[in-house]
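Read the structure below first, then the notes.
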Amino acid sequence: MLNYIFRRILYAIPILIGVNLITFALFFVVNTPDDMARMQLGIKYVTPEAIEKWKMERGYNKSLFINLEKDGFDKLTDTIFFEKSITMFVFNFGKADDGRDITQEIKSRMLPSLAIALPVFVLGLMVYISIALLMVFFRTTYIDFWGVVICVGVMSISSLFYIIAGQFLISKLWHLVPISGYEGGVDAGKFLLLPVVIGIVASAGANIRWYRTIFLEEMNKEYVRTARAKGLSERLVLFKHVLKNAMIPILTGAVVVVPLLFLGSLLVESFFGIPGLGSYTIDAINSQDFAIVRAMVFLGSVLYIIGLVLTDISYTIVDPRIRIL
Amino acid sequence: MRRFCLGIVLTALLLSACGGHNWNSPYPAADSGKNILYSVFSERPKHLDPVQSYSSNEIQFTAQIYEPPLQYHYLKRPFELIPLTVRKLPVVKYFDRAGKLLPNDVDADQIDYSVYDISIKPGILFQPHPAFAKNESGNGMYHDLSAQALATIFKLTDFPQTATRELIAEDYIYQIKRLAHPKLHSPIYELMADYIVGLRDYAKVLSQAQQIQPDQQTYLDLREYALEGVELIDRYTYRITIKGKYPQFIYWLAMPFFAPIPWEADVFYSQPELIRKNITLDWYPVGTGPYMLTENDPNLRMILEKNPHFHKEFYPTEGMPGDEDNGLLIDAGKELPFIDKIVFTREKESIPRWNKFLQGYYDATGIGSDSFDQAVQMAGQGEATVTEEMAAQGIRLETTVAVSTYYIGFNMLDPVVGGSNERQRESARKLRQAISIAVDYEEFISIFANGRGLPAQGPIAPGIEGYRDGNEGINPVVYEWVNEQPQRKSIDIAKKLLAEAGYPNGIDRKTGAPLILHFDVTARSSEDRSKLDWMRKQFQKLNIQLIVRSTDYNRFQDKIRKGNAQIFEWGWNADYPDPENFLFLLYGPQRKVGNNGENAANYDNKEYNQLFEQMKDLEKGARRQKIIDRMLMILRQDAPWLWGYHPKDYGLYHSWYQNVKPNRISNNNLKYFKIDANFREKQRLAWNEPILWPMGLILMLLIISFMPVINTFYRRERSTAIRRELSK
């Protein structure tokens, strides 16, 4: 197992370099360091001297990938790409263009993101699996049929609609919870209730249908017939045997997103005023802050790789026949 | 089932425990009825250091915390400068090269330098701050902290000790020196370096000093380096020396760029460990103003609280005619500020912002286009008022014309719209005039700005010296004065001008090809497509084909800088209420191409340039007005811009929000505002009573719809497999 994890970490390095390279290239195709300087220095009275000074202080006055003015290895190392990338591998994200420490910002914003994403994930998983199992229980009946119709309906509507409708009905019309805002600690509850419910409802259609398909696939397996033949009730067959055997596809979809929960949701955070990492990324893109964009993409890649490793490890827990070497 | 019922009872009990406080209130119950103003911001401020902050979303905070020497009178119009921390307005003195004092009415070209002596009031104190705390030996308690000492410090309020000290002239000098600090990027450094004697050299001195400084030393003590043009006279007086004559300099003295910074704060915030923790002067301001920033979480909220050391300042006792009737002088002579605390909540989306305003959780709001019809209606004379729905809630509308202008510029370096020889230039001028008539800005304002704008007759915004109302203020190229109001000339006149320009009916007389023009705009959302379609239609009136070249803002700026755009749209917000701040946008030496100035149209008219040079140095008066009139006439004839419109700001205010006279020039207005917190609380309770029956109904419907499912489930569970198979 340790060998496997070590190997995966080694595999991750070229992936992260590649992701970093692509992010870097895409960002600088659209924005030049001069554009970034102008964005930071404002619209009025920006002189070429001020732009040069800004670039020099932040190391953006160098070549992007290859510095032809240097010799030997310095050709590659004395570049913006190398200097901005190397520190990230030790999780030193440096400073944003406004001078704020990015690592500190990420730390402070991670919790609000998690406060929404985690309940949506955990409660959502429970609700989706339960309803999917129920639909499988009633397969070929009108309950299953109308369940699928409702799921298709729910998944056809944009999540923005759920947000606006939820805010309108629950907060504006019925005055039950605040429309938007956030507080830490115990007070967070009243602010999180609506976004969490909306988060679960908005993704319900697609997820329930997905889990229903997985369970239906399992229902045709021989062990299900055997269980029934033993005289087990349908409830036990479903919730004990089918659920357990369907864990591999469930984990494949679910565990991989667990680390990504830290990154938050762009839309929900924006509409509900949650100060999480989703809104941090969007703000950085709008203000062309490459340091933050690069850090967030890098962090996303790292978390995704961790998610994949965790998925593999979780397989061994739910299915003892699987060994990772 | 028993557990379910218990759950419902517990939830109901929990909710009823919130009695006296609305369930949907985003604020803590303990704050109910307190003298707190609730405001909103959509974009996080980048800088709160007064040497750097410039945007309106930054100045709304810094202007309440920092106090420059001067401020604008809150009620008087046109804008009038009055003392803030100074004893009286500084009187400028002019000197020739030999150092001889010159009379005030002397010609500008005889003046070698100007001197401003500024005397501040004694006894003004800074807000409480850890930078001022001293240890037993009299040194700064927190000026040299180790990483270990800062282990439990994560924000400024974590420091146990704070102190204050008196504001002195040296603090103002320190800030002027900071304009040239090599690590700071003051947006006005280049501008000020042209005027403040020795500032450019001072920047070089500081740069060299920083280079020889040891790496670990992050503080550069500006007190050790003298700046030639800024001199300390005594504890409360300092002198600024300006090259030549620059009458607009006094307006800069009312902006936070010239607010005081205590050296203790600079030492304190220069500590690397604090910087690493994002505790910097750029984030935690230190001022003498009516408010101090006590919570700074720009992702969520920013809180200003009353500065306990704020010096005595009183509400103005006189204003404009009508101010008394509008209740703006009820608090005349009372001590400021009225509000204890201001909570700015970050609200990125307009829908929640609008709904929270209607629920009484924000005290004021702007009006988005999506809520405009719900909020505003036009009365008989085109006067905007609130709708009946808003009036029933006691909401009122305040409007003001912004000191801004939105225009469409012609690149004068372009051969078609600018011309490259005398004949072409004359032809291009007629083409621009024709387009000026054809593009109907009255229609634009009505359709796209919900009537919130005033068609511009020139670059100068209303309320600024040089702007004229009525017949004498209209642009005679585009308008006629009919029935006591300007009326846009007919499209036939525009077509005639177009033909004279060499494009009869939009066809190039020389080549026979249709006239095609290019309009450069920044990348557009789908909402803006209709604006561009409208613009195409305006040009089609003259049979001119308009091709829109949409790009992102960076590329757009690049095109303007290099002079590659043909027709473009832009805008300008005035820094101070002087015509110079508008007219310089068309001053030849300010052109973008080659000079990297602010003249995006690259307009360069010799007579206009000469008049501008005269006008900028003149004091207010008839002579200056005459020159401005002539300058405007030149501009109107040359039409380097489609003059566009001056936007009107519409703001909605709840009835408990008082003493509001909006404007965009003076920013330190929060100290004048007043709220009736008890009335607000009563209204909030009445407007936000929870409505529970829909939830009960939904719950009941869910139970009813799940009943057959549960029944079937249990029936199936009880049935045997064989029977089930048989029943199929």
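The values are calculated or read from the model by the stated rules, or taken from the named source; none is laboratory data. Worth saying up front: this structure is predicted, and the values here are computed from it rather than measured. Note: ideal-geometry Cβ built from the backbone for every residue, glycine included; neighbour counts use all protein chains shown. For accessibility, only protein heavy atoms count, side chains too; no ligands or nucleic acids. Shrake-Rupley method; radii C 1.70, N 1.55, O 1.52, S 1.80 Å.
For chain B, report the accessible area per residue in Å² (1.4 Å probe, heavy atoms, rounded to an integer). Provide the component values of the computation, followed by the final result.
Details: 32450 Å² over 728 residues.
Accessible area per residue, chain B: 45 Å².
Which aspartates and glutamates have a Cα less than 18 Å from the Cα of B:Lys121, not counting those fewer than 8 places away in the same chain?
Once the sequence-local aspartates and glutamates are set aside, what remains near B:Lys121 is B:Glu67, B:Glu166, B:Glu170, B:Asp171, B:Glu231, B:Asp234, B:Glu313, B:Glu335.
Compute the acute angle (0 to 90°) between the alpha-carbon long axis of helix A:102-137 and the principal axis of greatest extent of the alpha-carbon atoms of chain A; round to the nearest 10°.
Approximately 20 degrees, to the nearest ten.
Once the Cα atoms of helix A:48-58 and of chain A are each reduced to a long axis, what angle between those two axes, in degrees from 0 to 90 to the nearest 10, is obtained?
60
Return the sequence-ordered ³J(HN,Hα) values of segment B:546-558 in whole Hz as given by the Karplus equation 6.51 cos²θ - 1.76 cosθ + 1.60 applied to θ = phi - 60°, using x for Gly and Pro.
Listing the rounded values in order: 9, 9, 8, 10, 8, 8, 6, 4, 5, 5, 4, 4, 4 Hz.
Using amide H atoms built 1.01 Å from N in the peptide plane, name the residues 5+ places from A:Lys70, or on other chains, whose amide H lies under 5 Å from its own.
Hits under the 5 Å cutoff: none.
For segment B:409-649, what proportion of DSSP beta bridges, expressed in % and rounded to the nearest 5, is antiparallel?
Values: 11 of 21 bridges.
Of all bridge pairs located within segment B:409-649, approximately 50 percent are antiparallel.
With just the Cα atoms defining each centre, how far is segment B:528-543 from segment A:90-117? Give it in Å.
Distance between centres, Cα-based: 45 Å.
Please compute the average number of Cβ atoms from other chains found within 10 Å of each residue's Cβ in peptide A:176-189.
Details: counts 10, 5, 10, 13, 12, 12, 7, 5, 1, 0, 0, 3, 0, 1.
Counting other chains' Cβ atoms within 10 Å and averaging over A:176-189 gives 6.
In what sequence, largest accessible area first, do B:Trp263, B:Trp656, A:Trp146, B:Trp354 appear using a 1.4 Å probe?
Accessible-area ranking of B:Trp263, B:Trp656, A:Trp146, B:Trp354, largest first: A:Trp146, B:Trp263, B:Trp354, B:Trp656.
Taking the alpha-carbon centroid of each part, what is the distance from segment B:199-216 to segment A:207-227 in angstrom?
73
What whole-number value in cubic angstrom gives the convex hull volume per residue for the C-alpha atoms of chain A? Spell out each step's value before the answer.
Working: hull volume 59.7 nm³, N = 325.
Dividing the Cα hull volume of chain A by its residue count gives 184 Å³.
What average count of beta carbons from other chains do you get within 10 Å of the Cβ of residues in B:321-328?
0
Considering amide H positions built from the backbone, and no H for Pro or chain starts, which residues 5 or more places from B:Lys648, or on another chain, come under 5 Å of its amide H?
For B:Lys648, whose amide H was placed from the backbone, the distant partners under 5 Å are B:Ala402, B:Gly453, B:Leu454.
List the residues of segment B:270-303 that lose 50 Å² or more of accessible area once all protein chains are present, compared with their chain alone (1.4 Å probe, heavy atoms only, no ligands or nucleic acids).
Buried on complex formation: B:Arg276, B:Asn278, B:Asn299, B:Leu300.
Using the Kirkwood formula on the Cα atoms of chain B, what hydrodynamic radius do you get, in angstrom to one decimal? Before the final figure, lay out each step's value.
On the way: mean 1/r = 0.0337 Å⁻¹.
Here the Kirkwood hydrodynamic radius works out to 29.7 Å.
Tally the DSSP beta bridges in chain B and give the antiparallel ones as a percent, rounded to 5. Mind dumping the intermediate values first?
On the way: 69 of 85 bridges.
Rounded to the nearest five, the antiparallel share is 80 percent.
When Cβ neighbours within 10 Å are restricted to other protein chains, what is their mean count per residue of peptide B:345-357? Don't skip to the end; give the middle numbers.
Details: counts 4, 6, 6, 9, 10, 0, 8, 13, 3, 2, 7, 7, 0.
Per-residue shielding by partner chains comes out at 6.
Does anyone have the angle between helix A:188-219 and the longest principal axis of chain A? Alpha-carbon axes, 0 to 90°, nearest 10?
60
Could you compute how fast the protein assembly as shown diffuses translationally, taking Rh as the Kirkwood radius over C-alpha pairs and applying Stokes-Einstein at 37 °C with viscosity 0.692 mPa s? Give it in µm² per second. If you can, show how the numbers build up before the last one.
Numbers: Rh = 33.2 Å.
Estimated via Stokes-Einstein, D reaches 99 µm²/s.
Under the rule of -39500 (n - 2.57) per DSSP H run of 4 or more residues, summed and divided by the residues of chain A, what mean residue ellipticity at 222 nm is obtained, to the nearest 500 deg cm²/dmol? Kindly include the intermediate steps, with their values, before the conclusion.
Numbers: 14 runs with 213 residues, N = 325.
Value at 222 nm, helices only: -21500 deg cm²/dmol.
Count charges around B:Tyr603 for me, please; just the other residues with Cβ under 13 Å from its Cβ, Lys/Arg as +1, Asp/Glu as -1. Write out the running numbers ahead of the final one.
On the way: positive: B:Arg425, B:Arg429, B:Arg432, B:Arg591, B:Lys592, B:Lys606, B:Arg636; negative: B:Asp414, B:Glu598, B:Asp604, B:Glu607, B:Asp638.
Cβ neighbours under 13 Å give a net charge of +2.
Taking only pairs that are 8 or more places apart or on different chains, how many Lys pairs in segment A:2-90 have Cα atoms under 24 angstrom apart?
14
Tell me the mean residue ellipticity at 222 nm calculated for chain B from its helices only (DSSP H runs of n ≥ 4, each -39500 (n - 2.57), averaged over every residue, nearest 500). If you can, show how the numbers build up before the last one.
Values: 23 runs with 228 residues, N = 728.
Rounded to the nearest 500, it is -9000 deg cm²/dmol.
Could you list the trypsin sites (Lys or Arg not before Pro) in segment B:308-394 that lie in coil according to DSSP, counting only those with at most 16 other Cβ atoms within 10 Å of their Cβ?
When the trypsin sites (Lys or Arg not before Pro) of segment B:308-394 are filtered for loop state and at most 16 Cβ neighbours within 10 Å, B:Lys312, B:Lys334 remain.
Looking only at the protein assembly as shown, where both bridge partners belong to it, what percent of the DSSP beta bridges are antiparallel (to the nearest 5)?
Details: 70 of 86 bridges.
Taking every DSSP beta bridge with both residues in the protein assembly as shown, the antiparallel ones total about 80 percent.
What total accessible area, in Å², is buried where chains B and A meet, using a 1.4 Å probe and rounding to the nearest 100?
Numbers: alone 35290 and 18410 Å², together 48060 Å².
Summing both sides, the interface buries roughly 5600 Å².
At a 1.4 Å probe, what is the % contribution of carbon and sulfur to the accessible area of segment A:166-325?
Carbon-and-sulfur percentage of accessible area, whole number: 66.
Residue by residue through segment B:219-230, what is 3J(HN,Hα) from phi via Karplus (6.51 cos²θ - 1.76 cosθ + 1.60, θ = phi - 60°)? Round to whole Hz and write x for glycine and proline.
Values, residue by residue: 9, 10, 7, 5, 5, 7, 10, 7, 10, 4, x, 10 Hz.
Return the whole-Å distance between the Cα centroid of segment A:1-46 and the Cα centroid of segment A:144-160.
38
Give the shape of segment A:211-325 as rounded, prolate or oblate, defined through the alpha-carbon gyration tensor: a ≥ b ≥ c are the square roots of its eigenvalues, a/c under 1.5 means rounded, and otherwise the shape is prolate if a/b is larger than b/c and oblate if not. Let's see the in-between values first.
On the way: a/c = 4.73, a/b = 2.36, b/c = 2.01.
Prolate shape, in that a/c is at least 1.5 and a/b is the bigger ratio.
Around B:Ile82, which amide H atoms from residues at least 5 apart in sequence, or from another chain, sit under 5 Å from its own amide H, with H modelled in the peptide plane?
B:Gln71, B:Tyr72, B:His73
Round to the nearest 10 and report in Å² the accessible area of A:Thr252, as given by a 1.4 Å probe over the protein chains' heavy atoms.
60
Tell me whether segment B:270-393 comes out rounded, prolate or oblate; compute the Cα gyration tensor, take square roots of the eigenvalues as a ≥ b ≥ c, and use a/c under 1.5 as the rounded threshold.
Values: a/c = 3.11, a/b = 1.39, b/c = 2.25.
Because a/c hits 1.5 or more and a/b fails to exceed b/c, segment B:270-393 counts as oblate.
Can you work out ³J(HN,Hα) from phi for every residue in segment B:116-128, in order, using Karplus 6.51 cos²θ - 1.76 cosθ + 1.60 and θ = phi - 60°, giving whole Hz and x for Gly and Pro?
10, 9, 10, 10, 8, 6, x, x, 7, 10, 6, 5, x
Please list B:Arg97, B:Arg488, B:Arg536 from largest to smallest accessible area, probe radius 1.4 Å, with all protein chains kept in place.
Values: B:Arg97 200, B:Arg488 45, B:Arg536 80 Å².
Largest accessible area first, the residues go B:Arg97, B:Arg536, B:Arg488.
Using protein chains only and a probe of 1.4 angstrom, how many square angstrom of A:Trp210 are accessible, to the nearest 10?
120
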